[in-house]
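Down below is the structure, laid out as structure tokens.
The values are calculated or read from the model by the stated rules, or taken from the named source; none is laboratory data. What you see is a predicted model; the values in this text were computed from it and never measured. Glycine gets a Cβ as well: all are built from the backbone with ideal geometry, and neighbour counts include every protein chain shown.
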Number of protein chains: 4
Amino acid sequence: MEAFSDGVFAIAMTLLVLDLKVPKADALAAPAGLLTALTRQWPTFAAYLTSFATILVMWVNHHKLFNHIRRTDGAFLFLNGLLLLFVTFVPFPTALVSEFLKRPEARTAAALYAGTYVALAIVFNLLWRYASAGMRLIDPRSKPEEVRAITRDYSFGPAFYFAAFLLAFLSVPASLGLCLGLALFFAVTGSTRRTA
Amino acid sequence: MEAFSDGVFAIAMTLLVLDLKVPKADALAAPAGLLTALTRQWPTFAAYLTSFATILVMWVNHHKLFNHIRRTDGAFLFLNGLLLLFVTFVPFPTALVSEFLKRPEARTAAALYAGTYVALAIVFNLLWRYASAGMRLIDPRSKPEEVRAITRDYSFGPAFYFAAFLLAFLSVPASLGLCLGLALFFAVTGSTRRTA
Amino acid sequence: MEAFSDGVFAIAMTLLVLDLKVPKADALAAPAGLLTALTRQWPTFAAYLTSFATILVMWVNHHKLFNHIRRTDGAFLFLNGLLLLFVTFVPFPTALVSEFLKRPEARTAAALYAGTYVALAIVFNLLWRYASAGMRLIDPRSKPEEVRAITRDYSFGPAFYFAAFLLAFLSVPASLGLCLGLALFFAVTGSTRRTA
Amino acid sequence: MEAFSDGVFAIAMTLLVLDLKVPKADALAAPAGLLTALTRQWPTFAAYLTSFATILVMWVNHHKLFNHIRRTDGAFLFLNGLLLLFVTFVPFPTALVSEFLKRPEARTAAALYAGTYVALAIVFNLLWRYASAGMRLIDPRSKPEEVRAITRDYSFGPAFYFAAFLLAFLSVPASLGLCLGLALFFAVTGSTRRTA
């Protein structure tokens, strides 16, 4: 299951590049127009970078989670499948943000984008809490304090991403910036924990 | 062969997201139009969810099947290749349903969609029955009653999906709903069996 | 190197489905039009099936080849890279055939399609002959007669695919049919050899 | 981490084929037009070949690098993630070059293309130097002279690709040719080193 999940994360991450649209040669105004056209597309690149970082950090955490899992059961497999569903879905709200960031619909697009991460963070917590409740599926050699530390780290996710969701209605760049910041934040806390 | 098949399942599942079309910014009527446009696309999301769930459940069952296989031969490899052909084909009827669900051609599209699952279920049964007949390719340590239980579980698939195929001509939503229900049903029976 | 190559084969095989075009809802004449439109697209499905079968058989043979390889060197890695280049290229001539099979350009498209397989078969032979010449990279436990049998089997490939290439200028369906037949032929001989 | 990275390399390499555009049947002038149309697309094929070779060589070197790594830490994972970001990004500048190579914007496109490789080469060096500084993450069994040889080999990359970047403003074909030449050069030096 873990190798299969890894593959899905890797493919979803790589497919994001298909959301980057090449400007049409015939639509450009002047020779200098390509750089300008690409610069105007910055929301596309910002969404690409944020989605890439988020899926990568999700993968690192998913990998870490599986280090503590010794066995699986039906409910765990179902929750893991739900997580993969949302991971493979990420390229779609990413494309929405790219298409609409400079339009009046930007708030809706950014809210759906952050909303996808809210859902991802909730499913991630459900998966871990199901596995760790009463050490149900946890390797008996895992230290309880380490398991509790992971539970605590993950529990911030849904609230933080919900803040990004609300922020989307006030300021779209702030919402996207928070999503990117959260990916970097979880990357750093995850890495520290790992080497601790 | 199993790792290769796993890769094909993972990629086919992740490619489904490419069938989700981003509404064109220029084609929207008003600022509030994005949410409305996405809501109108619900058949696309329903087909995406159903195909994702079906491929995931197929993968879980394929994985379980391989747990009992000790060796392979030419016919088994051929049947497994045929199974992978239909798995990689799934994104196409999914896209057909997305494109035509609100059109007069919806029945044809839904019938082709359910028909693909009929073919998948038949090939899945052929693969397993070829391998398990007289314990031909089965690990001698597998318990015969477990092998028989798998044979019995799988044998329902073609008939159930054929019912979804016929239902497509009466009611398209009912046919799609049955396909989704079958994926969930096989997920639950598969999981129970696994932990039993 | 083998796991990496396996991944490339699996992805190239799964990407072929992107060449299957969904008919546009607005372009259809009547409710019954979907099935007619899909039936008219049969060249697309024929090319899809042939490419899928060819890549799958190539993978089975590539896998078998690696069973006899004990070590690699620079030239072997270069030839394997060249093989992967042509494998990942297959979706392109497949799309060409789909687009042009009912046009005057069909012969050119079919010749490029069969030509790609000529190149693949030649690189495959170069890879194996480089590895097996004087048992250079071969596992010493491999039986020389088995190595010679593989050399003999593979040596037919380039000539057969070259016949399909020439046939493209006389009859496009015959050329495509020969390509599909060759995939099935190599599947059967490969499988027999495997179980022998 | 290594298997996950391998997957990302394999997928990025295979997705490049999606940048090869099939000429539209309706846009061709005459029956002989297909070959002419494809020949005119040579920049697309040149960019495809160069990107494929570059990602493949990057993968070989990445694989070799991991042979010397015994453990990872947070900064290493972050740098490896940055490397994967640029690897998955490669299909985008490749598509830019394909679209603009015969246009006045060709220089900008080629500069962005070579610039992506400059970034890749710099991140590759950072990753290796971080891991190898004071043998931080290196397997103690690795020979120091081998580690130093790798450091020396990689250190040429950024300067060479920066030359290709500058060359883009003088001659686009020369810049692309240098990029392809560098991939072949690193393939040869990498392979020699490997068998040494």
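More than 8 Å from every other protein chain (Cβ to nearest Cβ) and within 21 Å of C:A12 (Cα to Cα), is that true of D:V57? So D:V57 passes the test. Exactly one residue out of A:L28, A:L16 is buried (at least 17 other Cβ atoms within 10 Å of the Cβ), modelled with pLDDT of 90 or more and more than 9 Å from chain B (Cβ to nearest Cβ), and it is A:L16. Within region A:43-54, being within 10 Å of another protein chain (Cβ to nearest Cβ) and of a type in the set (A, V, I, L, M, F, W, C) holds for A:F45, A:L49, A:F52, A:A53. Among the residues of region D:70-91, just one is facing another protein chain (nearest Cβ under 9 Å), among the polar types (S, T, N, Q) and under 17 Å from D:A133 (Cβ atoms), namely D:T72.
Quickly run through region C:110-169 and pick out the residues that are touching a Pro at 6+ places or on another chain (Cβ under 8 Å) and among the hydrophobic types (A, V, I, L, M, F, W, C). Matches in region C:110-169: C:L112, C:V118, C:A121, C:I122, C:M135. For the residues B:I122, B:I150, the requirement of being in a helix (DSSP H, G or I) and either on the phi > 0 side of the Ramachandran plot or in contact (Cβ under 8 Å) with a residue 40 or more places away in the chain (or both) singles out B:I150.
Taking the criterion of being touching a residue at least 60 places away in the same chain (Cβ under 8 Å), of a type outside the set (A, V, I, L, M, F, W, C) and closer than 16 Å to A:A159 by Cα, the residues of region A:85-119 that qualify are A:Y113, A:Y117.
Out of (1) over 18 Å from the mean Cα position of the chain (by Cα); (2) touching a residue at least 40 places away in the same chain (Cβ under 8 Å); (3) surrounded by 18 or more Cβ atoms within 10 Å (Cβ to Cβ), what's the single condition that is false for B:A75? The one condition B:A75 does not meet is (3).
For region A:171-178, the criterion of being more than 17 Å from the chain's Cα centre (by Cα), surrounded by 21 or more Cβ atoms within 10 Å (Cβ to Cβ) and part of a helix (DSSP H, G or I) is satisfied by at least one residue. Can you find even one residue in region D:147-159 that is surrounded by 16 or more Cβ atoms within 10 Å (Cβ to Cβ) and within 12 Å of the chain's Cα centre (by Cα)? Taking every residue of region D:147-159 in turn, at least one turns out to be surrounded by 16 or more Cβ atoms within 10 Å (Cβ to Cβ) and within 12 Å of the chain's Cα centre (by Cα).
Does B:F162 satisfy the condition of being of a type in the set (F, W, Y), over 14 Å from the mean Cα position of the chain (by Cα), within 29 Å of A:T88 (Cβ to Cβ) and at pLDDT 85 or above? No. For C:E99, the stated conditions do not hold, so it cannot be described as farther than 29 Å from D:L20 by Cβ and of a type in the set (D, E, K, R).
The residue that is nearest to C:F9 (Cα to Cα), among those in region B:85-132 that are of a type in the set (A, V, I, L, M) and within 11 Å of the chain's Cα centre (by Cα), is B:V87.
For residues in region A:92-129 being farther than 17 Å from A:W42 by Cα and aromatic (F, W, Y), which is nearest to the other protein chains (Cβ to nearest Cβ)? Only one residue tops the list, namely A:F92.
Considering region C:153-184, and only residues there that are more than 24 Å from C:I69 (Cβ to Cβ) and without any contact (Cβ under 8 Å) to a residue 12 or more places away in the chain, the residue that is farthest from the other protein chains (Cβ to nearest Cβ) turns out to be C:A159.
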